[in-house]
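Novice: Below is a structure I'd like to ask you about.
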Amino acid sequence: MLKRIENTPHLSTPSTLSLSLKLKEELNLVNSQPQWFSDLNRYTTDFHMANLQMELYELEIKALWLKYTSGQLEQQAIEDKLGVCIQYLRQIYMSGLMSGRRKNYVTHTYGLIEGVLRILAQLNDSESTNKLVLQAMEVSRLGELTVNNQFLSQGGAQARLLREVLKTIEKTELELTEVPDFDLHTKSMLRRTINTHRNKYYLIIDSGVKNLVGQEKIPLIREEGVVRITFFEGRDGIYQVVESQEKTDLVVHHKDRLKRLVSELFTKLTQAKNALTGGHEEFKELTAALNSLGAILIVPFKVSRYKQVYILSDGILNDLPFELLLNAENEYLIEKSNVTYGMSEASIHLVDRTVTYSIGQYHQAERRLEHVSRELQSWRGVSGLANNAFEFASSKESNVYHMGNHQLLDLNREPLLLKSDYDTLYRYALYNFKIIPQVMILSSCHSRAGWPVSGEGNKSFTSRSLEIGAQSVIGSLWNVDDKASQQLITSFIKYLKQGIPSDRSLKLAKIDYLAKADDFHKNPFFWSAYVQEGHIFRLKDNSTNRWFYYILVLVSSVAVLLVNLKVKVIIS
């Protein structure tokens with residue numbers, strides 16, 4: 001059954017019929033490939049067609065909604081139209097048309113998703129509306145990240161070509177931001193370069209995703225004790241779907257209200273951390289902010305009764321660690337549940353114990369180096385522990401890649417990785433990986449932070465790690481405290497080495513920190529920055545291999561002994 005907690009925004013009055021007819025005429029012109037399109041590439045042509053078609057769908061579903069509310073139409077008819085819209089959106093996302101144009105050019109895409117969800121929130125409850133809700137939320141996650149992950153993780157010539165194309169696009173986009181506004185010629189040249197490479201990207205993706213269109217990407221929740229919470233940020237509202245084995249709930253939150261509560265929470269986090277007196281009053285205010293958000297996002301659905309919680313956040317919620325929200329009993333969610341972010345499968349991935357690491361070298365940050373070195377000491381005893389020094393292109397096969405460094409966000413919220421005091425790397429450097437690690441531990445500030453992209457999370461080193469094919473990433477949401485970070489990551493690695501799954505290992509590390517911290521350092525600022533995104537994993541137990549080795553050595557020794565005895569007998 002669908003449940004609505006807040007009043008949903010009203011649908012706006014549909015545009016006039018003349019506008020709808022004008023759109024259809026323009027769409028027919030594009031389909032017939034007139035002369036004025038002859039000098040444009042296929043990518044631009046198809047993208048323009050898609051935008052027109054989505055705008056037309058928006059008008060049609062608004063008109064159908066008015067007929068439905070006036071009693072001229074059955075619910076099944078509007079459900080059928082919504083299903084057509086969702087399937088078309090799926091094709092658009094999986095075609096690669098979203099490449100590099102997400103922020104400025106996909107208004108109609110997100111407008112259409114929001115229109116579909118807004119109507120579904122007001123239809124009568126039924127099994128078919130539940131299915132459409134899940135399909136619409138699934139499509140909202142099928143951005144460039146999903147497509148890239150599908151191809152970049154495959155290896156081979158196509159993946160190498162795709163890496164180079166995407167690297168060139170990102171480097172050129174960064175160059176474009178540095179060109180002065182008055183230098184129109186350079187800007188125009190760079191935009192042409194970007195569009196040329198977008199066309200290459202589109203052709204590569206479009207040639208290989210035909211068999212993916214129409215497939216369900218998000219598995220249904222079938223296990224007991226598991227809940228998945230998915231968010232989509234629209235123009236006016238934030239849509240939350242809570243899916244468990246028992247039911248599916250759809251809620252529409254007022255965007256401005258939720259944005260204000262999230263902003264207040266981060267203000268209180270910082271104030272409590274900076275308070276010279278121990279932050280007792282500030283901590284009370286922080287607790288009140290956590291209660292307010294918990295009362296909206298987790299308490300109505302009794303989320304803390306589930307053992308496993310999957311969070312697919314969006315927009316203003318991308319930087320929110322849900323595990324610190326308080327339930328009705330005033331307990332942190334992390335105390336009751338294992339929390340994982342992003343797409344994840346029900347099964348646990350087994351990972352070999354081979355670790356490569358890179359450490360930033362800074363003259364002015366000796367303490368940071370000291371803490372990171374202690375983190376790496378926790379890996380002692382695993383095989384293949386080697387320093388890579390950020391030379392991603394020369395990486396040998398390794399299942400875990402641990403990076404300890406400084407990270408910054410520039411004015412455009414573009415993440416910068418600092419190799420040293422003067423040497424920086426942008427996210428496109430991760431395309432240089434020839435052998436993709438299964439797990440990446442990004443022990444630094446802001447490693448999951450960046451520019452928020454609707455339906456895809458933040459443009460961060462975490463999202464880029466998932467794009468290139470990593471299965472699991474541990475990253476931070478804000479400026480981490482060096483000592484607290486070292487204690488948390490060290491404890492996390494300790495539990496991993498014991499064979500405990502990653503989500504539970506991170507939970508136990510946070511609970512350990514809370515148990516040992518004084519009142520001031522119990523502030524969530526210190527312990528809740530690190531979150532896991534992607535699949536849950538567990539380090540393989542090498543003890544079986546060791547016993548096999550011991551038995552092999554023993555058998556070989558006995559065989560050699562018997563041969564020697566036989567030789568002696570023959571000689572005698």
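The values are calculated or read from the model by the stated rules, or taken from the named source; none is laboratory data. This structure is a prediction, so every number in the text was calculated from the model and none was measured. Here the Cβ is made from the backbone with ideal geometry for all residues, glycine too, and neighbour counts use every protein chain on show. Only protein heavy atoms, including side chains, enter the accessible area calculation; ligands, DNA and RNA are left aside. Shrake-Rupley method; radii C 1.70, N 1.55, O 1.52, S 1.80 Å.
Novice: Quick test for you: out of ASP519, ASP503, ASP541, pick the one residue that is closer than 28 Å to GLY469 by Cβ, more than 28 Å from the chain's Cα centre (by Cα) and touching a residue at least 40 places away in the same chain (Cβ under 8 Å). Before you say what the answer is, go through the steps one by one.
Specialist: On the way: ASP519 fails: closer than 28 Å to GLY469 by Cβ; ASP503 fails: more than 28 Å from the chain's Cα centre (by Cα).
Exactly one residue qualifies, and that residue is ASP541.
Novice: Could you check the stretch 284-330 and list, in sequence order, the residues that are of a type in the set (Gly, Ala, Ser) and touching a residue at least 40 places away in the same chain (Cβ under 8 Å)?
Specialist: SER313, GLY315
Novice: Restricting attention to the stretch 310-337, which residues are within 15 Å of the chain's Cα centre (by Cα) and part of a strand (DSSP E or B)?
Specialist: Those that are within 15 Å of the chain's Cα centre (by Cα) and part of a strand (DSSP E or B): TYR310, ILE311, LEU312.
Novice: Looking only at the stretch 146-190, which residues are open to solvent by 20 Å² or more (accessible area, probe 1.4 Å), more than 22 Å from ASP206 (Cα to Cα), part of a helix (DSSP H, G or I) and not acidic (Asp, Glu)?
Specialist: Listed by number, the residues that qualify are LYS171, LEU174, LEU176, THR177, LEU184, HIS185, THR186, LYS187, SER188, MET189.
Novice: Tell me, which helices (runs of 4 or more DSSP H) lie completely within the stretch 436-517 with 2 or more residues that are at pLDDT 85 or above and acidic (Asp, Glu)?
Specialist: Qualifying helices (runs of 4 or more DSSP H): 502-516.
Novice: Among residues belonging to the stretch 357-377 that are open to solvent by less than 20 Å² (accessible area, probe 1.4 Å) and either under 30 Å from LEU142 (Cα atoms) or of a type in the set (Ser, Thr, Tyr) (or both), point out the one that is modelled with the highest pLDDT.
Specialist: That would be SER358.
Novice: Let me ask something else. Search the stretch 417-434 for residues that are modelled with pLDDT under 80 and open to solvent by 30 Å² or more (accessible area, probe 1.4 Å) and pair each with any residue that is assigned to a loop (DSSP other than H, G, I, E, B) and of a type outside the set (Gly, Ala, Ser) when their beta-carbon atoms are under 9 Å apart and the residues are at least 6 apart or on different chains.
Specialist: Matching pairs, first to second residue: SER420/TYR362; SER420/HIS363; ASP421/TYR362; ASP421/HIS363; ASP421/GLN364.
Novice: Any residue at all in the stretch 117-137 that is part of a helix (DSSP H, G or I) and within 23 Å of VAL473 (Cβ to Cβ)?
Specialist: So far as the stretch 117-137 goes, yes, one or more of its residues are part of a helix (DSSP H, G or I) and within 23 Å of VAL473 (Cβ to Cβ).
Novice: Quick one: is ASN542 touching a Lys or Arg at 6+ places or on another chain (Cβ under 9 Å), open to solvent by 30 Å² or more (accessible area, probe 1.4 Å) and at pLDDT below 75?
Specialist: Yes, satisfied.
To keep it simple, each residue is scored yes or no on (1) closer than 24 Å to TYR310 by Cβ; (2) surrounded by 24 or more Cβ atoms within 10 Å (Cβ to Cβ).
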position	(1), (2)
SER460	yes, yes
LEU488	yes, yes
LEU514	yes, no
ASP518	no, no
PHE526	no, no
ALA529	yes, yes
GLY534	yes, yes
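Novice: Scan the stretch 375-428 for residues that are of a type in the set (Phe, Trp, Tyr), in contact with a strand residue (DSSP E or B) (Cβ under 9 Å, 6 or more places away or on another chain) and farther than 27 Å from VAL351 by Cα and report the count.
Specialist: Of the residues in the stretch 375-428, 1 are of a type in the set (Phe, Trp, Tyr), in contact with a strand residue (DSSP E or B) (Cβ under 9 Å, 6 or more places away or on another chain) and farther than 27 Å from VAL351 by Cα.
Novice: Is at least one residue of the stretch 251-270 in contact with a Lys or Arg (Cβ under 6 Å, 6 or more places away or on another chain), open to solvent by 10 Å² or more (accessible area, probe 1.4 Å) and assigned to a helix (DSSP H, G or I)?
Specialist: no
Novice: Filter the stretch 116-135 down to the residues that are open to solvent by less than 10 Å² (accessible area, probe 1.4 Å) and closer than 16 Å to TYR88 by Cα and list them by number.
Specialist: VAL116, LEU117, VAL133
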